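Asks: This is the structure I have questions about; it appears just below.
Read-outs: derived from the displayed coordinates by stated rules, not from any lab. Just so it is clear, the model here is predicted, and its values are computed rather than measured. We place every Cβ from the backbone using ideal geometry, glycine too, and count neighbours over all the protein chains shown.
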């Protein structure tokens, strides 16, 4: 496929790389972190394809896309830190079905598994960007966040850039397969949210009945 024939996100990304070289690939990935609709599954293999043509250095593409990943993740970490726990709690209490205990449980879970979540989250579509926000809210130690974000991003970026390099003009195969994976992850997330909402509604309906039952028992005891 001739780069001149590309359009949409792919056309924009390849034009950025042709203009700025490897840093252009890094900028594209930094923006992908901030705007998840920009898919890394397109940009990274395309950078590998450009490297196979000699337009970019393979190592340079991997290094700069990893730098871009870290920069984008840091911006979202800063957003989470700026939001902070108090604002998050205030916002959450205004949402239906959300309780303070939900936030406390999430905080406890992140405290136990934060490092693994950041590391493996960098290799999961959709979560790649989102995971940096709770890390910032919880004020995860910045050096630890940077180390595991860099490692996770390096593995993800290397795999996709190298795949594009090996596939050459067939780099689009990567995006087609990963598109299926991304949709599957999104579907699982939607099902999880639906399950959580249904469970919370059912629990809310049962609780008044339990409360009324307890009151009736107390009335009998008084009699």
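Asks: I need the peptides 159-167, 62-70 ranked by packing, meaning the mean over residues of other C-beta atoms within 10 angstrom, with the highest value on top.
Replies: 62-70, 159-167
Asks: Fully extended, how many nm does the chain gain between residue 75 and residue 112 (0.36 nm per residue separation, minus their Cα-Cα distance)?
Replies: Full extension from residue 75 to residue 112 adds 11.0 nm.
Asks: Which whole-number percent gives the relative contact order of the range 3-178, counting Cα pairs below 8 Å spaced six or more residues apart?
Replies: Normalised by residue count, the contact order of the range 3-178 is 31 percent.
Asks: Now, a different point. Kindly put 153, 57 in sequence by how many other C-beta atoms sit within 10 Å of each C-beta, fewest to most.
Replies: Lowest count first: 57, 153.
Asks: Kindly put 12, 171 in sequence by how many other C-beta atoms sit within 10 Å of each C-beta, fewest to most.
Replies: Placing the least packed residue first, the sequence is 12, 171.
Asks: Tell me, rounded to the nearest percent, the portion of alpha carbon pairs in the range 3-178 spaced more than 24 Å apart.
Replies: Value for the range 3-178: 39 percent of Cα pairs lie more than 24 Å apart.
Asks: If we sort 109-122, 19-32 on the protection proxy, mean other Cβ atoms within 10 Å, highest first, what's the order?
Replies: Details: 109-122: 16.7, 19-32: 21.3.
Ranking, from highest mean packing down: 19-32, 109-122.
Asks: In which sequence would 151, 16 go, from the one with the fewest C-beta neighbours within 10 Å to the one with the most?
Replies: Least crowded to most crowded, the residues run 151, 16.
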